[in-house]
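The values are calculated or read from the model by the stated rules, or taken from the named source; none is laboratory data. All of these numbers come straight from a predicted model, not from anything done at the bench. Neighbour counts are summed over all protein chains in view; Cβ atoms, including those assigned to glycine, are modelled from backbone coordinates with ideal geometry.
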Amino acid sequence: MPGPVQNNGLSSAASALQMLERKQQVLANNLANASTRGFKAETTFARMMGNQLAKADTAVDLTPGTLTETHNSLDLALEGDGFFVVDTPAGERFVRNGNFRLDANRRLTDDQGNPVLGENGAISLPQGTVEVDATGLITVNGKPQQRLRVERVASGTDLEHEGGTRFIPDASRQVIPPTERTVKQGFLEESNVNPMSAMTEMLTVLHRYGAAQQTLSTIDAVRGIAVTDLAKPA
Amino acid sequence: MDPALRAAATGMMAQQTRTEVIAHNLANVNTPGFKRSRAHFEDLLYQTVQGQQVLGENDTQITPAIQVGRGTRLAGVQRLHEQGPIEETGRNLDIAIEGEGFFQIQLPSGETAYTRDGSLQISDQGVLVTSSGYALQPPVRIPDDASEFTVSATGVVSVRRGNDIQPTEIGRLELARFANPSGLLSLGQNLLAPTAASGQPVIGFPNDSGMGRLQQNSLEGSNVEIVQEMVEMIAAMRAYEINSKAIKTADEMGQIANNIAR
């Protein structure tokens, strides 16, 4: 471990400015996705590094968004925790956005055409009225088809975001037992971005940014005095 | 500061598109057989600004990767094929489909298009055509001496000819159905065309093996619900506003940064 770095006021203030810039980028991304269904906001927090410099760290906020009724039988939402599993060319991915549809072969897919996985793989549905119960069991005209796979990760896991509201599952993934799930048919989960708190956070960032800049300028002025006045011959 | 500005700009563009879709829905609130659409967004690829890090040697700490998103983009505009309300019109050439299925019509190019708008007319040739003048497939010819035009729930078209007492069957309407109707391409004029995403049409008689049934003297109204669209519009406006604030904040931070060096 390297020894403690001599704290340098200038680089402290500069790291604060950088940290706040990153925070603002994350806030802007959250706000841009305020109406992206199934989106999970990123939270930022400052971390003090070993050398006493501030640094912005991000984590996914998995708080559920509100559920909106759509009356569309292929719109599914999960109440509480858990993810649907889709099969993408890059591997299995987790999604909260249950805006599913049927493709030309009557296979259930997400909005990008990736097959949604059930307990026995991809799900093909016959013609008829689709019903999905709370455990994720899909029935068509009363005939049971397949049960959707719903998985969760250990609480406190920081999932990695992929674009398209998909997440990369980590090693702690496990299937949620059917009795512990609440799949809601005809609902979609809205983005969990809270515009109110994002706005206040954005204002705080702005003010802190101004303060850090003042600090930087002050340190600079002090150094200026040191250099120009102290060195003057008496 | 640039990434924040750009992310917020993608947010504003997304809300603009959402408003365009809502405006199109509202404009078609009285279009028979119209199906509303909704815009879907997804977040853009994330930039991993710093990978996973292992801190320390003995009491090892792992800090997760830091990811910053780059905004949002339009993932698609999905047409929702929910049943519209069946409205009684009293006009015997108005036919509504209750359930799945589309009328097939022939375009001047010879291709087949599909519609739910059953406000039919009789052309100068005596053939059943849509309100835009395209002939229904398979064609149904109405004889000159016909009266009392009726269409049954299963699509049988019959008329009374001359002074006959018994009606005569002159044809039968067929419907087409798609695995994924949302994948059909809108051609305007209430017409839809098949695509690879919609699948091939399955043709059959009305009220038979999952096909919808026909109702004469009625039209299927638009499935746009004004209140729902208005709520969406307010939400879109607020989201637009808040993204503009993000741009303003990013801009002010840029100004402050410029003041560091005086």
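Before moving on, here are some points about what is shown:
- A search for C-beta distances below 7 Å between a residue of region B:225-245 that is of a type in the set (Ser, Thr, Tyr) and any residue that is buried (at least 19 other Cβ atoms within 10 Å of the Cβ) and in a helix (DSSP H, G or I), counting only pairs 6+ apart in sequence or on different chains, returns B:Tyr240/B:Met12; B:Tyr240/B:Gln15; B:Ser244/B:Met12.
- Scanning region A:34-66 for residues that are outside any strand (DSSP E or B) and closer than 18 Å to A:Thr200 by Cβ yields a total of 4.
- Test: residue in region B:67-75 that is free of Cβ contacts under 8 Å to residues at least 24 places away in the same chain, over 30 Å from B:Asn180 (Cα atoms) and within 14 Å of chain A (Cβ to nearest Cβ): yes
- For region B:106-128, a residue qualifies if it is closer than 20 Å to B:Pro194 by Cα and either among the β-branched types (Val, Ile, Thr) or surrounded by fewer than 18 Cβ atoms within 10 Å (Cβ to Cβ) (or both), and the qualifying residues are B:Gln106, B:Leu107, B:Pro108, B:Ser109, B:Gly110, B:Glu111, B:Thr112, B:Thr115.
- Considering only residues in region A:173-199 that are under 24 Å from A:Val132 (Cα atoms) and within 12 Å of chain B (Cβ to nearest Cβ), the one that is surrounded by the most Cβ atoms within 10 Å (Cβ to Cβ) turns out to be A:Ser191.
- When residues of region A:144-185 are limited to those that are out of contact with any strand residue (DSSP E or B) (no Cβ under 6 Å at 6 or more places or on another chain) and of a type in the set (Gly, Ala, Ser), the one farthest from A:Pro126 (Cα to Cα): A:Gly156
- Qualifying residue in region B:240-259 (condition: within 11 Å of chain A (Cβ to nearest Cβ) and over 30 Å from B:Gln15 (Cβ atoms)): yes
- Number of residues in region A:53-93 that are without any contact (Cβ under 8 Å) to a residue 60 or more places away in the chain and closer than 22 Å to A:Glu180 by Cα equals 1.
- Residue pairs meeting the criteria (Cβ under 6 Å; at least 6 apart or on separate chains; first more than 14 Å from chain A (Cβ to nearest Cβ), in region B:11-29; second small (Gly, Ala, Ser)): B:Asn28/B:Ser222; B:Val29/B:Ser222
- Test: residue in region B:84-97 that is under 20 Å from the mean Cα position of the chain (by Cα), at pLDDT 90 or above and within 13 Å of another protein chain (Cβ to nearest Cβ): yes
- Pairs where the first residue, in region A:9-31, is closer than 9 Å to A:Ala54 by Cβ and the second is hydroxyl-bearing (Ser, Thr, Tyr) and in a helix (DSSP H, G or I), C-beta under 9 Å, 6+ apart: A:Ser12/A:Thr215; A:Ala16/A:Tyr209; A:Ala16/A:Thr215; A:Leu20/A:Tyr209
- Within region A:78-93, none of the residues are out of contact with any His (no Cβ under 9 Å at 6 or more places or on another chain), part of a loop (DSSP other than H, G, I, E, B), within 13 Å of chain B (Cβ to nearest Cβ) and crowded, with 22+ Cβ neighbours inside 10 Å.
- Any chance A:Gly163 is at the interface with chain B (Cβ under 9 Å from one of its Cβ atoms) and under 20 Å from the mean Cα position of the chain (by Cα): yes
- Of residues in region A:36-58 being out of contact with any Leu (no Cβ under 9 Å at 6 or more places or on another chain) and among the polar types (S, T, N, Q), the one modelled with the highest pLDDT: A:Thr36
- Test: residue in region B:205-221 that is within 11 Å of chain A (Cβ to nearest Cβ) and in contact with a helix residue (DSSP H, G or I) (Cβ under 9 Å, 6 or more places away or on another chain): no
- Scanning region A:113-125 for residues that are part of a loop (DSSP other than H, G, I, E, B) and in contact with a strand residue (DSSP E or B) (Cβ under 7 Å, 6 or more places away or on another chain), we see that the one that is nearest to the other protein chains (Cβ to nearest Cβ) is A:Leu125.
- Selected residue (only one of A:Gly128, A:Gly98 is modelled with pLDDT of 90 or more and within 14 Å of another protein chain (Cβ to nearest Cβ)): A:Gly98
- Being touching a helix residue (DSSP H, G or I) at 6+ places or on another chain (Cβ under 8 Å), crowded, with 16+ Cβ neighbours inside 10 Å and modelled with pLDDT under 90 is a condition met by at least one residue of region B:43-65.
- Counted residues, region A:60-72 - those being more than 7 Å from chain B (Cβ to nearest Cβ) and modelled with pLDDT under 85: 1
- Residue check, A:Leu125 more than 22 Å from the chain's Cα centre (by Cα), under 22 Å from A:Arg107 (Cβ atoms) and crowded, with 20+ Cβ neighbours inside 10 Å: no
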